Amino acid sequence: MTGSGTAPAADHAAGLFGARLFLIITSGYLMSYGLRAINATIAPELVGEVGLSNTQLGALTSAYFLAFACLQLPLGIWLDRFGPRRVDASLMAIAALGCLVFALADSFQTLWLARAMLGVGFSAGLMAPFALFRIWFAPHHQTRLAAWTMTVGTFGVLAATLPVRALLSLMDWRGVFLGCAAVLLTISLLMWFGLPRAREPDGHGRQSFLQSLGGYREVARSSFFWRMVVMSGAVQGCFIAMQTLWLGPWFTRVLQMTPQQSAGWLFVFNTALLGAYLLVGYLAPRVGPQESATVRVAAVGALLVAALVGFIAVCPGVAGVWCWLALAVVATVFTPLQARVGMSFPRQLAGRALTAYNLVLFVSVFIVQAGLGVVLDQLIARGMDDVTAFRTGIGGIAVLQFAAWVLFVFWPARAATRAVAS
């Protein structure tokens, strides 16, 4: 082990060296998660200044996830070929440009383009840390590092709630995005010059880009991969869609909170999420390495999520914010499961396995986030009030999650299970 600025080839990162790697590579994810969720906080200002409908608000926020998803397949190849340092540093510069365009935008179309640029720039926000951990850290630390990475990301979401509302008393939302652009450019430079170049692929590779895409065939042949990703898309994808946009409008329009009260409860919600990630980081290594152990955890977590979402839809007044807080705690179990899916593939396919998983997950987020906006506008246009429309939309999500859970439980079993990581 070493705590210096470099590490011998046979060693795993530890001490100050390991901390430096972790903090630099996860700083981009902190900004990614914060800017992913910021529209839930500034929705009243966006709707008021630009005049957005529910459909436009959903489409605007989900543009991030659409662009994010489109980058996942080439991203897996880039991570395997060029390494996480070069890929993430370059993409963070694009995210900085996206923030600048968002700050200067004066139409829905330009705002949409800027959000799509953010999706491109942050497309490696989580996968690059996972890829870096696979290169530098011991296998038994992978799930804990995954949970800690989500903890860092949750700090970004927290910053996008009450702190952003406090900033809005000093500047408008455009000023907030200008500041974020400067921070992202700094992070890009830190990644490029502060992360080690040792163990980095040379970038040449023996296969062409199209040949490298063939590596996804091996990923697609994995029954374990599909079993996990279909369920995660329905359960975790719906949770992210709510967390990063529709939870704020639910608080203001269903529970009749003021924007300040909504921001306060979003802060509490994400604080609960933060504490849950810390707990998961502590408990994750204690889950057995077999795929069967991963499946059991996922099955229990998915059923609890579907039940909580259903109860929120049926009894919003009784559920209040407390079921949302419980949902924040339960949903955290899916993050280390994603790392386990990546570890079930050979190292040379790890980047592609992780990004294929992310592709399905964030396509689900895009569909749910944009689709819910369309559903709400259609229901309201047919005479339904805001509260009933929201309850109907969330109830549909609960039904979808329960159906995914049933499919997951009755997925055809294989003759044997194997360890996810050696």
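The values are calculated or read from the model by the stated rules, or taken from the named source; none is laboratory data. Please read these numbers as outputs of a predicted model, since none were measured by experiment. Because the Cβ atoms are built from the backbone with ideal geometry, glycine has one as well, and the counts that use them run over all protein chains shown. Note: accessible area is taken over every heavy atom of the protein model, side chains too, but ligands, DNA and RNA are not part of it. Shrake-Rupley method; radii C 1.70, N 1.55, O 1.52, S 1.80 Å.
Going residue by residue through the range 150-166, is there one that turns out to be of a type in the set (S, T, N, Q), farther than 23 Å from Thr61 by Cα and touching a residue at least 12 places away in the same chain (Cβ under 8 Å)?
Step one: filter the range 150-166 for residues of a type in the set (S, T, N, Q), giving 151, 154, 161.
Within this subset, residues satisfying the condition of being farther than 23 Å from Thr61 by Cα are none.
No - not one qualifying residue is present in the range 150-166.
If you go through the range 160-173, how many residues are surrounded by 15 or more Cβ atoms within 10 Å (Cβ to Cβ) and either in a helix (DSSP H, G or I) or under 23 Å from the mean Cα position of the chain (by Cα) (or both)?
Keep residues of the range 160-173 that are surrounded by 15 or more Cβ atoms within 10 Å (Cβ to Cβ), which gives 160-165, 167-168, 173.
When the remaining residues are screened for being either in a helix (DSSP H, G or I) or under 23 Å from the mean Cα position of the chain (by Cα) (or both), the result is 160-165, 167, 173.
Residues that pass the stated criteria total 8.
One residue is enough: does the range 240-259 have a residue meeting the conditions over 18 Å from Gly393 (Cα atoms), open to solvent by 20 Å² or more (accessible area, probe 1.4 Å) and assigned to a helix (DSSP H, G or I)? Yes. Pro196 meets each of the listed conditions (1) at pLDDT 90 or above; (2) surrounded by 15 or more Cβ atoms within 10 Å (Cβ to Cβ); (3) in a helix (DSSP H, G or I) apart from (3).
Phe224 meets each of the listed conditions (1) free of Cβ contacts under 8 Å to residues at least 40 places away in the same chain; (2) of a type outside the set (A, V, I, L, M); (3) open to solvent by less than 20 Å² (accessible area, probe 1.4 Å) apart from (1). Among the residues making up the range 317-336, those that are under 22 Å from Leu132 (Cα atoms) and at pLDDT 75 or above are Thr332, Val333, Phe334. Of the numbered criteria (1) open to solvent by 10 Å² or more (accessible area, probe 1.4 Å); (2) within 14 Å of Ala370 (Cα to Cα); (3) of a type in the set (Phe, Trp, Tyr), the one Tyr64 fails is (1). Checked against (1) surrounded by fewer than 24 Cβ atoms within 10 Å (Cβ to Cβ); (2) under 29 Å from Val219 (Cβ atoms); (3) free of Cβ contacts under 8 Å to residues at least 60 places away in the same chain; (4) not β-branched (Val, Ile, Thr), Ala89 passes all but a single condition, namely (3). Filtering the range 341-351 to residues that are under 17 Å from the mean Cα position of the chain (by Cα) and over 17 Å from Thr143 (Cβ atoms) leaves only Gly351. Among the residues making up the range 109-135, those that are part of a helix (DSSP H, G or I) and surrounded by 24 or more Cβ atoms within 10 Å (Cβ to Cβ) are Arg115, Leu118, Gly119, Gly121, Met127, Ala128, Pro129, Phe130, Ala131, Leu132, Phe133.
So for the range 22-30 (the condition being open to solvent by 10 Å² or more (accessible area, probe 1.4 Å), assigned to a helix (DSSP H, G or I), small (Gly, Ala, Ser) and modelled with pLDDT of 90 or more), does at least one residue qualify? Yes, that holds for at least one residue.
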